[in-house]
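A short write-up of the structure that comes next.
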Amino acid sequence: MSVVDRQEWDVVVVGAGGAGLRAAIEARERGARTAVICKSLFGKAHTVMAEGGIAAAMANANENDSWQVHFRDTMRGGKFLNQWRMAELHAQEAPQRVWELETWGALFDRTKDGRISQRNFGGHEYPRLAHVGDRTGLELIRTLQQKIVSLQQEDFRETGDYESRLKIFQECTVTRVLKTVSDSGSAAGGRVSGVFAYERESGRFFVLEAPAVVIATGGIGKSFKVTSNSWEYTGDGHALALLAGAPLLNMEFVQFHPTGMVWPPSVKGILVTESVRGDGGVLRNSDGKRFMFDYIPDVFKEKYAETEEEGDRWYDDPDHNRRPPELLPRDEVARAINAEVKEGRGSPHGGVFLDVSTRMPAEVIKRRLPSMYHQFKELADVDITAEAMEVGPTCHYVMGGVAVESDTAAARGVPGLYAAGEVAGGMHGSNRLGGNSLSDLLVFGRRAGWHAAEYAAGAAGARPVVDDVQIDAAAAEALRPFSAEAEIEEPKGGPPENPYTLHQELQQTMNDLVGIIRREAEMEQALEKLAELRVRARRAGVEGHRQFNPGWHLALDLRNMLLVSECVARAALERTESRGGHTREDHPGMDRTWRRINLLCALTDPTGGLAATDPVRGQIALTRETTEPVRADLLALFDKEELVKYLAEEELYE
Amino acid sequence: MSGYTAHFKVWRGDVSGGGLEDFEVEVNEGEVVLDIIHRLQATQTPDLAVRWNCKAGKCGSCSAEINGRPRLMCMTRMSVFDREETITVTPLRAFPVVRDLVTDVGFNYTKAREVPAFVPPAGVAPGEYRMMQEDVDRSQEFRKCIECFLCQDTCHVVRDHEENKQAFAGPRFLMRVAELDMHPLDAAAETGLDRKTTAQDEHGLGYCNITKCCTEVCPEGIKITDNALIPLKERAADRKYDPLVWLGSKIRRRSSAG
């Protein structure tokens, strides 16, 4: 059966968002023939939806900013769980990555003296986010897309073929990372040899052979019912890495963005940018009270205003006043909104009020927040220049992801595999600051592309051999939903399942039982439900044929969503504390002894079999790992009084 | 407002042919056309092919023709139609059908490659770019483009004239030329590339007769005709017919060749 089309490349990048495109540019510029595979059309990746900006300590708006301050803010935002070397590299390199975009044609909003304008955001001490109105993600993706086109134009001039060194395979989905067969005969020990994929348009299978694969597939939000994420966010890269034998890190940390739309129902979850608060928007409950002043946690007490008057003064005089608590990190604001609604002080449609209309004149709002104005006007009949928005938490981002080496973005345990962007874990610790995602994509996308290209060059003499057995198995796995349909006459264990129904049940389960506030019994219930869904998903059947068939595509994506959801539920059950994007009602405090603990998820069956249907055992095994101590010179950037809140006694005196 | 049942006609088929199929489908408060298409997938036609991503008018994936008008399905509220009205959804007409509502938009990616990229100014290091807001406003307007290709679909130069596609880049990519031409730091001219002339000679600007159909369908409200195409035409015309400009371009070329 393995008569699928095969092509040879040096580096294959899975995903064409910010991280994937930046990786591809770097790999190609370093001489690697590079292929990019993406599920949507080129230029439509989820990065396009990022609104607020790119965090980078360029110090254009406040000369006191520096990489050290940015590093500090990032560690505080992540409650010190961050893989600190990543946070260091990120803070140091972000300005170069932003400036480089200008040389590729990006047009950011400007300061009065013609430099890149920077805006305030939650958790950032100074105005730090380079932006273009509230459509920064679009500018980022378009700039990278156009840089890729310019490289292709160069290649065309030299070789007569636009795609000789850099090709985009758009509307294609990777279902397996392929590996060499190790000496023991098991695929578990080998190195990367390529990817198995299908073309969405035709349903045709193909294999890209390559010694290095960069995973840059983004997040997992489509496993939750209320989410700001698009259909692509089915945890593909997380699952591909797991199946290839690479562990996932910190999967219990899922960010619920505090401000998603709550009405009308069809747009529930769509993002309302944090820039609304950065530019002066305030949160009020149904009593008209600015409730965030009641929710400043101890660790942030000294850094936030205690009165509305002080918070209001900060916008004009940040040096002598503290910032308003609407600009606390996202996890804090999301929990506060959740609590207000629960206690009966919510808005008519179950959110709270976010109002920017009293802070700025209508024309300024339209200029600074054009797509928010448009979005509310068109979809909810709300004029944000004259009235308050209704907002509530929405699943937005996963901090957890593929465990990687900080400097190289190499996935642990699988030679030739790299991961960057949202799919990689560690950088943001237990909670990501707004604006740190776009900078993360650029910094680690570049590093992944660089090291993947270097690794591929080293492997040039002995290209890894693709294993036909794995190709056959991948093809059979991908075709299974069609045979489920054929089994109608004599179904094994039950009738075929509708993949859309399974997906809806999965989303409801994760939303209700492993959502923003978690409880032990509910997570146990979630694991049982996931086990049931896993069994039923094996009977997910589809109608029609392989040509552009969304039902079939969803049936295949279910494997990934179920794997990733189990990782989230299992790790969340294990971590008996509350920190960042993980809140336990039964363990409400942050526990300093947990700070040094990472939870790693791996397959229980490392040979890659997915038969496990036992709800207790499941498909995922957890291990605890104690993290490396934070380097002394980085710890020295903080006051001792602050460190005491996070670090255990023995860490402080080591 | 409570739910009701709407009448839909959706084009189904592929390259070998197809036609409109009738559906009765539930509609709830606040929904958009894309919600209804998704409900059809989940309950009646699991293999109905459609592109979408952000569902918030930011990515430009879910372009289709609704009652004959090019629109984003995610930004078309059901409340703009009468409850009795039959709503017809068809694929973009100017591009070849792949399946159902999905068309082959490869034409646009081909044209994108034919526009020479931004040329960075020599001797200006990263971090040293200085541009005033008022000088980037115009190009920023064009960079709001989400590449939904509705303007490409509606433009009558190619909509009913397949033969023009070779010579004509379409409003989206003529606007891209204008964007680069108005970029305060683009150094294309220093390398001998005159973007105004190429708009005319290589991207088919002359085919455009400023009927503003593109501007009318743009979901981002970009004034494509007034702000991009007409100024580009004027500048291209200046180049072509102004004898001083003509002479200047000859002199510069000679000196750079020497």
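The values are calculated or read from the model by the stated rules, or taken from the named source; none is laboratory data. Since the structure is predicted, the reported quantities are computational estimates derived from the model, not experimental observations. Methodologically, a virtual Cβ is constructed for each residue, glycine included, from the backbone with ideal geometry; neighbour enumeration extends over all protein chains shown.
Which members of the range B:135-156 meet the condition of being more than 14 Å from every other protein chain (Cβ to nearest Cβ), crowded, with 21+ Cβ neighbours inside 10 Å and outside any loop (DSSP other than H, G, I, E, B)?
Within the range B:135-156, B:Leu150, B:Cys151, B:Asp153, B:Thr154 qualify.
Quick grid of which residues meet (1) away from chain B (no Cβ under 14 Å); (2) more than 27 Å from B:Ala187 (Cβ to Cβ); (3) aliphatic (A, V, I, L, M); (4) out of contact with any His (no Cβ under 8 Å at 6 or more places or on another chain):
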{"residue": "A:Ala45", "(1), (2), (3), (4)": "no, yes, yes, yes"}
{"residue": "A:Met49", "(1), (2), (3), (4)": "no, yes, yes, yes"}
{"residue": "A:Met75", "(1), (2), (3), (4)": "yes, yes, yes, yes"}
{"residue": "A:Met86", "(1), (2), (3), (4)": "yes, yes, yes, yes"}
{"residue": "A:Leu89", "(1), (2), (3), (4)": "yes, yes, yes, yes"}
{"residue": "A:Ala94", "(1), (2), (3), (4)": "no, no, yes, no"}
{"residue": "A:Glu100", "(1), (2), (3), (4)": "no, no, no, yes"}
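Can you tell which of A:Thr358, A:Thr273 is modelled with pLDDT under 95, buried (at least 22 other Cβ atoms within 10 Å of the Cβ) and outside any helix (DSSP H, G or I)?
One residue alone meets the criteria, A:Thr273.
Here is a list of conditions, (1) assigned to a helix (DSSP H, G or I); (2) surrounded by fewer than 22 Cβ atoms within 10 Å (Cβ to Cβ); (3) of a type in the set (Val, Ile, Thr), and A:Val465 meets all of them except one; can you say which number that is?
(1)
Show the residue pairs that are 6+ apart or on different chains and have beta-carbon atoms under 7 Å apart, the first residue being within the range B:171-193 and surrounded by 22 or more Cβ atoms within 10 Å (Cβ to Cβ), the second being in a helix (DSSP H, G or I) and of a type in the set (Phe, Trp, Tyr).
B:Met175/B:Phe142; B:Ala178/B:Phe142; B:Glu179/B:Phe142
Can you tell me which residues in the range B:53-81 are within 11 Å of chain A (Cβ to nearest Cβ), within 20 Å of B:Asp104 (Cα to Cα) and within 16 Å of the chain's Cα centre (by Cα)?
B:Cys59, B:Gly60, B:Ser61, B:Cys62, B:Ser63, B:Leu72
Considering only residues of the range A:370-389 that are out of contact with any helix residue (DSSP H, G or I) (no Cβ under 8 Å at 6 or more places or on another chain) and not in a helix (DSSP H, G or I), which is nearest to A:Thr234 (Cα to Cα)?
Looking at residues that are out of contact with any helix residue (DSSP H, G or I) (no Cβ under 8 Å at 6 or more places or on another chain) and not in a helix (DSSP H, G or I), I get A:Asp381.
Those residues that are away from chain A (no Cβ under 14 Å), of a type outside the set (D, E, K, R) and more than 10 Å from B:Ala228 (Cβ to Cβ), I need them from the range B:157-179; list them, please.
Matches in the range B:157-179: B:Val157, B:Val158, B:His161, B:Asn164, B:Gln166, B:Ala167, B:Phe168, B:Gly170.
Would you be able to say whether some residue in the range A:555-565 is within 14 Å of chain B (Cβ to nearest Cβ), under 24 Å from A:Gly221 (Cβ atoms) and over 21 Å from the mean Cα position of the chain (by Cα)?
Yes, that holds for at least one residue.
Scanning for something surrounded by fewer than 21 Cβ atoms within 10 Å (Cβ to Cβ), in contact with a His (Cβ under 9 Å, 6 or more places away or on another chain) and either assigned to a helix (DSSP H, G or I) or hydroxyl-bearing (Ser, Thr, Tyr) (or both), does the range A:281-294 turn up at least one residue?
no
So, of the residues in the range A:511-545 that are surrounded by fewer than 20 Cβ atoms within 10 Å (Cβ to Cβ) and within 14 Å of chain B (Cβ to nearest Cβ), which turns out to be nearest to A:Cys172 (Cα to Cα)?
Among them, the one singled out is A:His545.
What are the pairs, 6+ residues apart or on separate chains, where a residue within the range B:76-96 that is farther than 22 Å from B:Arg159 by Cβ has its Cβ under 6 Å from a residue that is in a helix (DSSP H, G or I)?
Partner pairs satisfying both residue conditions: none exist.
Please tell me if B:Arg130 is modelled with pLDDT of 95 or more, facing chain A (nearest Cβ under 9 Å) and in contact with a strand residue (DSSP E or B) (Cβ under 9 Å, 6 or more places away or on another chain).
In short, yes.
In the range B:88-111, which residues are in contact with a helix residue (DSSP H, G or I) (Cβ under 7 Å, 6 or more places away or on another chain) and either more than 25 Å from A:Ser230 (Cα to Cα) or part of a loop (DSSP other than H, G, I, E, B) (or both)?
Result: B:Leu92, B:Arg93, B:Ala94, B:Phe95, B:Lys111.
Check A:Glu566, A:Glu577 and return the single one that is surrounded by fewer than 20 Cβ atoms within 10 Å (Cβ to Cβ) and either touching a residue at least 60 places away in the same chain (Cβ under 8 Å) or in contact with a helix residue (DSSP H, G or I) (Cβ under 7 Å, 6 or more places away or on another chain) (or both).
Only one candidate passes the filter, namely A:Glu577.
Which condition number in (1) buried (at least 16 other Cβ atoms within 10 Å of the Cβ); (2) assigned to a loop (DSSP other than H, G, I, E, B); (3) more than 9 Å from chain A (Cβ to nearest Cβ) is the one that B:Phe118 fails?
Among (1) buried (at least 16 other Cβ atoms within 10 Å of the Cβ); (2) assigned to a loop (DSSP other than H, G, I, E, B); (3) more than 9 Å from chain A (Cβ to nearest Cβ), the lone unmet condition for B:Phe118 is (3).
Do we have any residue at all in the range A:336-348 that's on the phi < 0 side of the Ramachandran plot, within 14 Å of chain B (Cβ to nearest Cβ) and either more than 17 Å from the chain's Cα centre (by Cα) or not in a strand (DSSP E or B) (or both)?
Within the range A:336-348, one or more residues are on the phi < 0 side of the Ramachandran plot, within 14 Å of chain B (Cβ to nearest Cβ) and either more than 17 Å from the chain's Cα centre (by Cα) or not in a strand (DSSP E or B) (or both).
Kindly indicate which of B:Cys145, B:Cys155 is within 23 Å of B:Thr211 (Cα to Cα), in contact (Cβ under 8 Å) with a residue 24 or more places away in the chain and touching a Pro at 6+ places or on another chain (Cβ under 9 Å).
The match here is B:Cys155.
Which one is farthest from A:Tyr162 (Cα to Cα) among residues in the range A:25-43 that are in contact with a strand residue (DSSP E or B) (Cβ under 7 Å, 6 or more places away or on another chain), more than 10 Å from every other protein chain (Cβ to nearest Cβ) and not β-branched (Val, Ile, Thr)?
A:Cys38
From the list B:Leu40, B:Leu20, pick out the single residue that is more than 9 Å from chain A (Cβ to nearest Cβ) and touching a residue at least 60 places away in the same chain (Cβ under 8 Å).
Exactly one of B:Leu40, B:Leu20 is more than 9 Å from chain A (Cβ to nearest Cβ) and touching a residue at least 60 places away in the same chain (Cβ under 8 Å), namely B:Leu20.
May I ask you to list the residues in the range A:418-463 that are over 16 Å from A:Gln83 (Cβ atoms) and among the basic types (Lys, Arg)?
Hits for the range A:418-463 are A:Arg446, A:Arg463.
So, in the range A:295-322, exactly how many residues are of a type outside the set (Val, Ile, Thr) and part of a helix (DSSP H, G or I)?
Number of matching residues: 13.
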